[in-house]
Amino acid sequence: MQHFVPISLNCKNKICCIVGGGRIAERKVKGLMESGAFITVISPNITPDLQVLADHKQLHWVNRVYREGDLQGAFLVYAATDRRDVNDTVAHEAGQRGILVNVADRSEEADFITPGIIRRGRLTISVSTAGAGPAVTSEITSALDTLFGREYEPYLDFMYDMRQAIKRIVSSPQQRAKLLRRLASSGILEQIRRQEFTAWTQEEIDTWIAQNQEE
């Protein structure tokens, strides 16, 4: 079994190419939409959803079949057509140019795979089943989607703001760690889940830090 190294790529302002215009290509595009990438789709035909994105200038559509040289300047590429020979040619050019490539339905020939994703603001959970299939990945992703509800987005924003305040006020790394552990076990997440939480004022933040430093 092949194991991939889990990483998160910064695609902002980088060219990401998808060769193909069907449902698989559509999923790849939608996975890139929030990344800040410059998305290029190369295909003579695209799905209605991709057409809408192209019409709204959210991607660049090259309305023709793939040609060698189309990947010049790309950061990564998805070979997502329904033709094995085209996908092979795309993968070959990507390899020649040192471009990261994902080959649809053949993870063993890819430089990277795109896992199932759950996003809750600052929280990103990825699910990969090492080739067991998209249905299994979708099932596990759905279970995690229920487990990690929408309350995690405001919770992590709160924890981030508190961490910044603690770093600003407290110089000792040991004290910082103690305060963050205490904060994580303080029940804030449950308060948010029950819609009983009110955002803390700066005065309340400073008071909490001062009181908990003394204990």
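The values are calculated or read from the model by the stated rules, or taken from the named source; none is laboratory data. Just so it is clear, the structure is predicted and the values come from calculations on it, not from any experiment. Backbone-built Cβ (ideal geometry, glycine too); neighbour counts: all protein chains shown. Accessible surface areas use protein heavy atoms only, side chains included; no ligands, DNA or RNA. Shrake-Rupley method; radii C 1.70, N 1.55, O 1.52, S 1.80 Å.
Selection of helices (runs of 4 or more DSSP H) fully inside region 117-215 by the criterion of at least 1 residues being within 30 Å of Arg27 (Cα to Cα) and either in contact with a Ser or Thr (Cβ under 8 Å, 6 or more places away or on another chain) or of a type in the set (Ser, Thr, Tyr) (or both) returns 134-147, 152-169. For region 52-70, the criterion of being touching a Phe, Trp or Tyr at 6+ places or on another chain (Cβ under 8 Å), assigned to a helix (DSSP H, G or I) and either open to solvent by 50 Å² or more (accessible area, probe 1.4 Å) or not aliphatic (A, V, I, L, M) (or both) is satisfied by no residue at all. When the residues of region 9-23 are narrowed to those that are open to solvent by less than 20 Å² (accessible area, probe 1.4 Å) and not in a loop (DSSP other than H, G, I, E, B), which ends up farthest from Val65 (Cα to Cα)? Among them, the one singled out is Cys16.
Against the criterion of being open to solvent by less than 60 Å² (accessible area, probe 1.4 Å), out of contact with any Asp or Glu (no Cβ under 6 Å at 6 or more places or on another chain) and closer than 19 Å to Thr207 by Cα, Ser171 does not qualify. Restricting attention to region 105-142, the residues being among the aliphatic types (A, V, I, L, M), open to solvent by 70 Å² or more (accessible area, probe 1.4 Å) and within 24 Å of Ala94 (Cβ to Cβ) number 1. Taking region 78-116 as the range and being among the polar types (S, T, N, Q), closer than 14 Å to Val19 by Cβ and either free of Cβ contacts under 8 Å to residues at least 40 places away in the same chain or not in a loop (DSSP other than H, G, I, E, B) (or both) as the test, the residues that pass are Asn87, Thr89, Asn102. Counting the residues of region 24-40 that are modelled with pLDDT of 95 or more and either open to solvent by 30 Å² or more (accessible area, probe 1.4 Å) or in contact with a Cys (Cβ under 8 Å, 6 or more places away or on another chain) (or both) gives 4.
Contact map, region 46-65: first residue within 18 Å of Asn13 (Cα to Cα), second residue open to solvent by 30 Å² or more (accessible area, probe 1.4 Å), Cβ cut-off under 6 Å, separation 6 or more or different chains; pairs are Ala54/Trp61.
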